[in-house]
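This report concerns only the one structure given below.
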Amino acid sequence: MDRFVLVTKKLSKRFPGVQALKDIDMEIRGGEIHSLVGANGAGKSTFAKIISGVYKDYEGEIFINGEKVVLDTPQKSFQYGISVVYQEVDSALIHYFTVAENLLMSSVTQYGSFVSQKKLVKIAKEKLKSLGLKLPFDLNTRVSELSVSQKQLLLIFKSLIHNSRLIIFDEPTSSLGPVEVEQLFEIIHSLKERGIAVLYISHRMPEIFTISDKITVFRDGRKIGTFPRDEVTPDDIIRYMIGKSSQKIEISSKEMSNTPILEIHRKSDESQKLVLYKGEVLGLTGLVGAGKTELLKEIYTGSKDLKVALDGKEVRIKTSTDAVKMGIYFLPEERRKEGLLIKENLIWNMLLPSFGDFANALGFMKDKEAAQVSKRFAEKLRVKFADLRQRVESLSGGNQQKLIIARWLIKNELKGARVILFDEPTVGIDVGAKEEIYNIVRTVAESGIGVIFSSSDIDEVLKVADRIVVMRDNKFIAEIERKDFSEEKILSLAAGRHEIVKN
Amino acid sequence: MGQSNINKGDLLRIIVAKYGVVIALGIVIALFGIITPNFMSVGNFTNILRSISVITVLSLGLTVALAAGAFNLAVTGIAGFAGALSAGLMVWNQLSAITSSVIALIVGMLMGAAIGLFVIYFRVDDLLASLGAMYIAQGMTLTYTGGLNIYSNMIKPSPGGGFTTAPGRISDGFIFMGQGMVGVIPMPVIIMFIVIVLVHIFLNNTKWGRNIYSVGSNPEAAYLAGIPVNGYKIFAYSLSGILAAFAGILLVARLGSAQIAESQALLLDCVAASYIGFSFLGQGKPNAFGTFIGAALMGIMVNGLSMLGVSYTTQDIFKGIILLLSLAISRLSQK
Ligand SMILES: Nc1ncnc2c1ncn2[C@@H]1O[C@H](COP(=O)(O)OP(=O)(O)OP(=O)(O)O)[C@@H](O)[C@H]1O
Ligand SMILES: [Mg+2]
């Protein structure tokens, strides 16, 4: 087989009000891991979507192995051997189908209309075997029972079965923990060895420098350059991305207040308790599935098993509405499913919890005021948008995430929060903006409220937290003060092994 | 930045998605205007508006529920029962028009709320649950009326044999709502426009409307933002019930009596009007003016086809086609 080469010439794409991409010349080769980086809204996903046939009205030319191709439908791109593993793996799989059915989907019909599950499993097994692949879970499992990383693996294997020669990963690790990331990287490396081209989009610098052969930087829809990994440093890349050096926040261990603001006890297990102090940012970390999200949701939407005290007084939270009234806010992890009203505009999404606060005594909305406040916060968080009244589905992933952060900052400004629970708040947010968000989180906490910052990205927890609590198997297993912070220690606690081999 | 490179296909799609129903309305009016001689007269348009007034109000009842992501197929059933009740209270119990109407509206609201509670409490499918509720409401209507239409000083067989004459009348003031004229404009048309504007303002300019739409567009996100989702669903069902009941009352006023089978036939028109309305101005969601346009489209079809001598039964074919087309258009506007 020839070595796969995809070349683009002057690739451009406009949306109403924005030039998302302008004159992109790229070369992606088989056997190479090519990273694509850039700030939120730089055009990375747009590039990936053009290559995978989502947009039919792009400008410019695409060549595969020297032949000019028109990639105007996803099917066409797929036939040329291009497949995508989107961050939202769910959208690419059919939940009530089995693993085998999903693996063979889009070729299922070629085995006749009525194929038994048994036969499908057999075919899938053979195919996987001939490619030297092994799935670490049963082919009869329903997709709905798989974890995110298993679903990702399934998608990757599906691409391989269909002879993909370029696999695009758009922020694949944002919902993965350190162990799953390691596994994913092993797989990506094996893809490379098979001569497959990998286009890897991510905001996580350490990952990019671990895995890439080449790094391409986009800024404001233009390509800044492509660099061999060994010839640049992370700082260089960040500078190319945002046009200036990033400002890192420095946090020194500060004198912590010892006034508890939120206390949680688990009734079924006396040993399980958590105290959050006033003015504190408490980092909550652990592997994916360690129970962080569940815990936060239990607090926020009420649980019979939890005893919760706010400002020293026991409170009963039965629904999210109670929590918000008490000043407890929660930023959910899955922004599309749990956060956004995708068909509504920016203002609507930023004010979702606050319509009542922007209404007069008769219940009428004060829309002007609402727009002003939304604008102020959108600018504060540097959301990239063309019009406050555009639907949020047309924003880039990171910019959507900023909106739901803004949502609670606005509520806080209006009503004054006591506690904010952030679940994976920086998913999809670019390096520069991340630092700003850490800053905002710290400032919010310092105004006298308590913040729980839950993240499976240990680096960022180390950066932003005053204190870290590690969870494993739905339990708090360790509490570490800032002066004792160590990545190794936390990783090993989270993974449940006390030694970790680092290479 | 000035020049846009939207290609022709996309432009067409955007126009169809945004103005599709308005264009359709224009085409239908123009067509009938050309082929039927008396169609383009002020008198006929007044007729059409009058004929759609009840359907519009009824459809708004469905629209409000749909806005909260809740289906309420029981609107026609509620309208039938509330209408019969208001007439019965006047004719048999000699209550005033206002008292009877208020009672009927409250009953409609409670029926709506009951459906909402049932759907939420038992987590059942709202389409089927409200279909069940529609049958209950129809049964209630038949039981209450004994299967008879209700009119002023009506006569009905008494249980012991012989006949009883109802002591009361459907008051003139009540009937004015449905049959009166203010200058050249029929009263029900004025009422219809008032209701449209009120529903529009409620849905678009109040905090409750925003929350209802939010619940309808992503209940999980709305809940996690602290909005009492269940409360708003029940609220929307209650409003839906009130509007349906009001449509029922208006129908009695128009006909001068409670015709028990009359409102049942309106279900398809009602669903069509609401769904056609989704795509109005590309909103992609239930809305008051869109619903009016939808009702108008249906009404004009019926009117024009009747003038052409097309039978009622055949008209259903056209209604069904319009409903399907509108579904397709509203799909476009959601893209
Ligand atoms: N469907 C759309 N309609 C209008 N504008 C769009 C649409 N999709 C993307 N855009 C705009 O194009 C620009 C590039 O978006 P893109 O999603 O490619 O960014 P990205 O580099 O992937 O950002 P992120 O890191 O946040 O995911 C953004 O300004 C975005 O608002
Ligand atoms: Mg993106």
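The values are calculated or read from the model by the stated rules, or taken from the named source; none is laboratory data. Bear in mind that the values here come from a model prediction, so they are computed numbers and not experimental data. Neighbour counts run over all protein chains shown; Cβ positions are idealised from the backbone, glycine included. Quick note on the areas: whole protein, heavy atoms, side chains included, nothing else; ligands and nucleic acids left out. Shrake-Rupley method; radii C 1.70, N 1.55, O 1.52, S 1.80 Å.
You will find that of A:LYS368, A:LYS337, A:LYS297, the residue that is surrounded by fewer than 16 Cβ atoms within 10 Å (Cβ to Cβ), within 29 Å of the chain's Cα centre (by Cα) and within 13 Å of chain B (Cβ to nearest Cβ) is A:LYS337 and no other.
A count restricted to segment A:142-177 and to residues that are surrounded by fewer than 20 Cβ atoms within 10 Å (Cβ to Cβ) and outside any helix (DSSP H, G or I) stands at 5. Given the structure, is A:VAL392 more than 15 Å from A:PRO425 (Cβ to Cβ), touching a helix residue (DSSP H, G or I) at 6+ places or on another chain (Cβ under 6 Å) and within 16 Å of ligand 2 (Cβ to nearest atom)? So A:VAL392 fits the description; yes. Among the conditions (1) closer than 12 Å to B:GLY77 by Cβ; (2) in contact with a Gly (Cβ under 8 Å, 6 or more places away or on another chain), B:SER130 misses just one, which is (2). Checking the stated criteria, A:GLY66 turns out not to satisfy the condition of being away from ligand 1 (no atom under 16 Å from the Cβ), surrounded by fewer than 23 Cβ atoms within 10 Å (Cβ to Cβ) and either modelled with pLDDT of 95 or more or under 27 Å from the mean Cα position of the chain (by Cα) (or both).
On the given criteria, is A:PHE185 aromatic (Phe, Trp, Tyr), in the same structural domain as A:PHE47 (by TED's automatic domain parsing), within 22 Å of the chain's Cα centre (by Cα) and open to solvent by 10 Å² or more (accessible area, probe 1.4 Å)? It is true that A:PHE185 is aromatic (Phe, Trp, Tyr), in the same structural domain as A:PHE47 (by TED's automatic domain parsing), within 22 Å of the chain's Cα centre (by Cα) and open to solvent by 10 Å² or more (accessible area, probe 1.4 Å).
Filter segment A:11-28 for residues that are surrounded by fewer than 17 Cβ atoms within 10 Å (Cβ to Cβ) and within 14 Å of another protein chain (Cβ to nearest Cβ) and give the result. Of everything in segment A:11-28, those that are surrounded by fewer than 17 Cβ atoms within 10 Å (Cβ to Cβ) and within 14 Å of another protein chain (Cβ to nearest Cβ) turn out to be A:PHE15, A:PRO16, A:GLY17, A:GLN19.
Determine whether A:VAL5 is over 20 Å from A:GLY195 (Cα atoms) and either in the same structural domain as A:GLU436 (by TED's automatic domain parsing) or in contact with a strand residue (DSSP E or B) (Cβ under 6 Å, 6 or more places away or on another chain) (or both). Here the answer is no, as A:VAL5 does not meet what is asked. Checking B:ILE322, B:ILE276 one by one, the residue that is among the hydrophobic types (A, V, I, L, M, F, W, C) and surrounded by fewer than 24 Cβ atoms within 10 Å (Cβ to Cβ) is B:ILE322 and no other.
The residue list B:ALA113, B:ALA104, B:ALA84 contains one member that is surrounded by fewer than 21 Cβ atoms within 10 Å (Cβ to Cβ) and either in a helix (DSSP H, G or I) or touching a residue at least 40 places away in the same chain (Cβ under 8 Å) (or both), which is B:ALA113. Kindly indicate whether A:ASP57 is in the same structural domain as A:GLY221 (by TED's automatic domain parsing) and either open to solvent by 50 Å² or more (accessible area, probe 1.4 Å) or more than 16 Å from ligand 1 (Cβ to nearest atom) (or both). Taking the combined requirement at face value, the residue does not satisfy it.
Filtering segment A:117-141 to residues that are open to solvent by less than 90 Å² (accessible area, probe 1.4 Å), of a type in the set (S, T, N, Q) and at pLDDT below 85 leaves only A:GLN117. The residue list A:ILE449, A:ILE420, A:ILE437 contains one member that is more than 16 Å from ligand 2 (Cβ to nearest atom), open to solvent by less than 10 Å² (accessible area, probe 1.4 Å) and within 15 Å of A:GLU379 (Cα to Cα), which is A:ILE437. Selection over segment B:197-250 of residues that are at the interface with another protein chain (Cβ under 7 Å from one of its Cβ atoms), free of Cβ contacts under 8 Å to residues at least 24 places away in the same chain and surrounded by fewer than 22 Cβ atoms within 10 Å (Cβ to Cβ) gives a count of 6.
Residue pairs whose Cβ atoms lie under 8 Å apart, separated by 6 or more positions or on different chains, with the first residue in segment A:179-202 and touching a residue at least 60 places away in the same chain (Cβ under 8 Å) and the second open to solvent by 30 Å² or more (accessible area, probe 1.4 Å) and within 16 Å of ligand 2 (Cβ to nearest atom), are A:ILE201/A:SER45. Among the residues of segment A:29-52, not a single one is within 14 Å of chain B (Cβ to nearest Cβ), within 16 Å of ligand 1 (Cβ to nearest atom) and without any contact (Cβ under 8 Å) to a residue 40 or more places away in the chain. Taken together, the residues in segment A:176-218 that are within 14 Å of ligand 1 (Cβ to nearest atom) and either hydrophobic (A, V, I, L, M, F, W, C) or closer than 24 Å to A:ALA494 by Cα (or both) amount to 9. Across segment B:17-36, the number of residues qualifying as of a type in the set (Lys, Arg) and under 13 Å from B:GLY299 (Cβ atoms) comes to 0.
Taken across segment B:158-174, residues that are over 27 Å from B:LEU73 (Cα atoms), assigned to a helix (DSSP H, G or I) and open to solvent by 30 Å² or more (accessible area, probe 1.4 Å) do occur, with at least one present. Scanning segment A:268-282 for residues that are of a type in the set (A, V, I, L, M) and either surrounded by fewer than 21 Cβ atoms within 10 Å (Cβ to Cβ) or farther than 15 Å from A:THR443 by Cα (or both) yields A:LEU274, A:VAL275, A:LEU276.
Only one entry of B:VAL310, B:VAL302 meets the criterion of being surrounded by fewer than 17 Cβ atoms within 10 Å (Cβ to Cβ) and either without any contact (Cβ under 8 Å) to a residue 24 or more places away in the chain or more than 20 Å from B:GLY80 (Cα to Cα) (or both), and that entry is B:VAL310. A:GLU193 satisfies every condition listed in (1) among the charged types (D, E, K, R); (2) over 24 Å from A:ILE64 (Cα atoms); (3) surrounded by fewer than 17 Cβ atoms within 10 Å (Cβ to Cβ) except (2).
For (1) at pLDDT below 95; (2) surrounded by fewer than 18 Cβ atoms within 10 Å (Cβ to Cβ), each residue gets a yes or a no:
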{"residue": "A:LEU331", "(1), (2)": "no, no"}
{"residue": "A:TRP348", "(1), (2)": "no, no"}
{"residue": "A:ARG376", "(1), (2)": "no, yes"}
{"residue": "A:GLU393", "(1), (2)": "yes, yes"}
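Remark: pairs (first residue in segment A:54-69, in contact (Cβ under 8 Å) with a residue 40 or more places away in the chain; second residue hydroxyl-bearing (Ser, Thr, Tyr); Cβ separation under 6 Å; 6+ apart in sequence or on different chains) = A:GLU59/A:SER12; A:GLY60/A:SER12; A:ILE62/A:THR8; A:ILE64/A:TYR80. Restricting A:ILE317, A:ILE347, A:ILE328 to residues that are more than 9 Å from every other protein chain (Cβ to nearest Cβ), within 28 Å of the chain's Cα centre (by Cα), touching a residue at least 12 places away in the same chain (Cβ under 8 Å) and farther than 30 Å from A:TYR86 by Cβ narrows the list to A:ILE328.
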